[in-house]
Amino acid sequence: QVQFVESGGGLVQPGGSLRLSCAASRSISSFSSIGWYRQAPGKQRELVATITSGGSTNYADSVKGRFTIARDNAKNTMYLQMVSLKPEDTAVYYCRGVLQLRLYWGQGTQVTVSS
């Protein structure tokens, strides 16, 4: 059974920062890819950032230069450092892992950017 638990979401003012964490129930190095997705109200879920087992990263154009994805294999945890947050970053953020061609999702953590 693969489980992800996200944390670190909350309410932040525009221009602020947050760090999201995603703790996995098994070694994250076993996933071919692991990443963050988000879903805003009334919109489809979209990719934010991914990182492969080899360390290659991929970011949505809308977050490049502001968000950084990282992984700590020893802690089985993935992170998303977010700076210069904008109101349009408001969404539920989910972690997702790919293991043996199957997708596993966390329950999500709410990020709200508002003054």
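The values are calculated or read from the model by the stated rules, or taken from the named source; none is laboratory data. This is a predicted model, so every value here is computed, not measured. Backbone-built Cβ (ideal geometry, glycine too); neighbour counts: all protein chains shown.
Taking the criterion of being over 11 Å from the mean Cα position of the chain (by Cα) and either buried (at least 17 other Cβ atoms within 10 Å of the Cβ) or more than 11 Å from Met82 (Cα to Cα) (or both), the residues of the range 8-22 that qualify are Gly10, Leu11, Val12, Gln13, Pro14, Leu18.
Residues that are closer than 19 Å to Ala23 by Cβ, touching a residue at least 24 places away in the same chain (Cβ under 8 Å) and not acidic (Asp, Glu): list the strands (runs of 3 or more DSSP E) wholly contained in the range 43-115 that include at least 2 such residues.
On the way: elements: 46-52, 57-59, 67-72, 77-82, 91-99, 102-105, 109-113.
In the range 43-115, the matching strands (runs of 3 or more DSSP E) lie at 46-52, 67-72, 77-82, 91-99, 102-105, 109-113.
Any idea which residue in the range 23-41 is nearest to the chain's Cα centre (by Cα), counting only those that are hydrophobic (A, V, I, L, M, F, W, C) and buried (at least 16 other Cβ atoms within 10 Å of the Cβ)? Checking each candidate, the answer is Trp36.
Considering Gln44, Gln81, which residue is under 11 Å from the mean Cα position of the chain (by Cα) and surrounded by fewer than 18 Cβ atoms within 10 Å (Cβ to Cβ)? Don't jump to the end; show me each part of the working.
Working: Gln44 fails: under 11 Å from the mean Cα position of the chain (by Cα).
When all the criteria are applied, what remains is Gln81.
When Thr52 is tested against the conditions (1) loosely packed, with under 15 Cβ neighbours inside 10 Å; (2) modelled with pLDDT under 95, the lone failure is (1).
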